[in-house]
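Data first, discussion second: the structure below is written as structure tokens.
The values are calculated or read from the model by the stated rules, or taken from the named source; none is laboratory data. Since the model is a prediction, treat every value here as computed from it, not as a measurement. Every residue, glycine as well, gets a Cβ built from its backbone with ideal geometry; the counts of neighbours run over all protein chains shown.
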Amino acid sequence: MNKKIYIVLSVFSFIIFMFFANQKVYADLDLEELKKEVSQEQVSAEMEDIMIMQNEVASILGSYEEIQNYGTVHIDRTNGFKIVIGFKNEDSITSEIKNILSEKLKGKIEFVVTDITYNDLMQIKDNIFDNRGNLESNGLHISSVGVDEENNKVNVIFDEMDNLAISSQSFVDNFAKSAQLFVEDYEGNEKFLNIIFDPEAKNYNEFSRKDNHPILGGGIGIQKTGIGSCSTAFTATKGNTKFLATAGHCLEGDGSIVKQWDSNVGTDHISYHKTRGFDIGLINVTNSGRKISNFIFANANTNYDAKYTNSGSFLMNQYVCKSGIKTEYTCGQVQETSANYTDKDTGIMTKDVVKIYSTGNTKDYSQGGDSGSTTWAGEVLLGVHSGGGDSGTISWGFAAKTSKVAEHFGSDFTIYKSSNPL
């Protein structure tokens, strides 16, 4: 039976090592919850409430993501579905948010007090990941680092500990020595860390339906010489230029020809994956015979059968689905709202993606070729599939956030949300 070592870290007291089988809790993961089949109706109904919350917050703060300066947000599934917003500090703005959302969502919203914000957790996560070289020099090899907004933790997953005995003091000495280099107040931040040693954890960027579509949308295949096969996520415009989006690691930004599926569709326009870790890339659609749309190839065999009409942000514990050319339509539950990871084979890093665990006894959330897939819920576009991973019986995927596209591609970059092909 495969085993994992779970480390509860306390540098200034002691470390307790616990051994669990794959069937038990993994990084505070509820495996029984993940075994449940999730219907598209449930995903859509929950997304309607999520969008009410996000739109109301955006109307007060200017943008939804500004709430990350105030606290954390997650979904509580203990007794069904409830959005939980934790505020670190109270003021007139948080009072306004409480009043409006309590009226709009009634019993589907709860407000709690938290001692840390999402952006605080992000800072801890990025500090650890950006200084992984210091950790590796002390024999600690990071697989991924991610933000868990439900438990107010940063999950740090190590897949290798070079020359370290499994003893509390050796781990404390090595991790603490490295941590002191990049965490100003380590003693104050240690309670926000969840340290996991899992030698089976493997993350991969994924390369591999396969027809030439006159109308472009999400969930169909593309090919690029030297890269391989990937999937598409959404379409967009910037001025008069039309774009087809995929994973950033599927492109190089070199202007070379990209095919969909085996017919030229455009040129490799831009990718910031290697320079910024942002895993959304753009294809300039130069084939005048191709139109762009908001359609998604989900469960159908011959044509599009889903669409997105809006875009939003991921929530902790939210159910989402993805559609790609390899594993096609699969769904999962968001378990980290910001993760950084390195590809096991290439060592290339990807930043600020969400981590999604497969649901419904799905063996693989994704496989090679699914990179670039549409990730959405209801009719709301949320992300672009970045890669996947597995450990024993657990499978997960990563998705880059479409809420960040304007930050990288400009404020005039517009996701195409119309059902009338352009």
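Just so you know, in segment 270-297 the residues that are assigned to a loop (DSSP other than H, G, I, E, B) and of a type in the set (D, E, K, R) include one that is modelled with the lowest pLDDT, and it is ARG290.
When segment 215-266 is filtered for residues that are among the basic types (Lys, Arg) and closer than 20 Å to ASN310 by Cα, the ones remaining, listed by number, are LYS238, LYS242. When you check PHE87 against the structure, is it surrounded by fewer than 20 Cβ atoms within 10 Å (Cβ to Cβ), touching a strand residue (DSSP E or B) at 6+ places or on another chain (Cβ under 9 Å) and not assigned by TED's automatic domain parsing to the domain that holds CYS321, yes or no? It is false that PHE87 is surrounded by fewer than 20 Cβ atoms within 10 Å (Cβ to Cβ), touching a strand residue (DSSP E or B) at 6+ places or on another chain (Cβ under 9 Å) and not assigned by TED's automatic domain parsing to the domain that holds CYS321. Hey, could you check segment 144-154 for residues that are crowded, with 23+ Cβ neighbours inside 10 Å and of a type outside the set (D, E, K, R) and say which is modelled with the highest pLDDT? Restricting to residues being crowded, with 23+ Cβ neighbours inside 10 Å and of a type outside the set (D, E, K, R), the top hit is VAL147.
Just so you know, in segment 112-134 the residues that are polar (S, T, N, Q) and assigned to a loop (DSSP other than H, G, I, E, B) include one that is surrounded by the most Cβ atoms within 10 Å (Cβ to Cβ), and it is THR117. Selection within segment 302-333: residues that are outside any strand (DSSP E or B) and hydroxyl-bearing (Ser, Thr, Tyr). The member of this set that is farthest from SER39 (Cα to Cα) is THR302. Looking only at residues of segment 211-237 that are aliphatic (A, V, I, L, M) and in a strand (DSSP E or B), we find that the one that is modelled with the lowest pLDDT is ILE215.
For GLU48, the conditions (1) within 30 Å of ILE394 (Cα to Cα); (2) among the acidic types (Asp, Glu); (3) not in a helix (DSSP H, G or I) are fulfilled apart from (3). One residue stands out in segment 108-143 among those that are within 25 Å of VAL84 (Cβ to Cβ) and polar (S, T, N, Q): the one that is modelled with the lowest pLDDT, namely GLN123.
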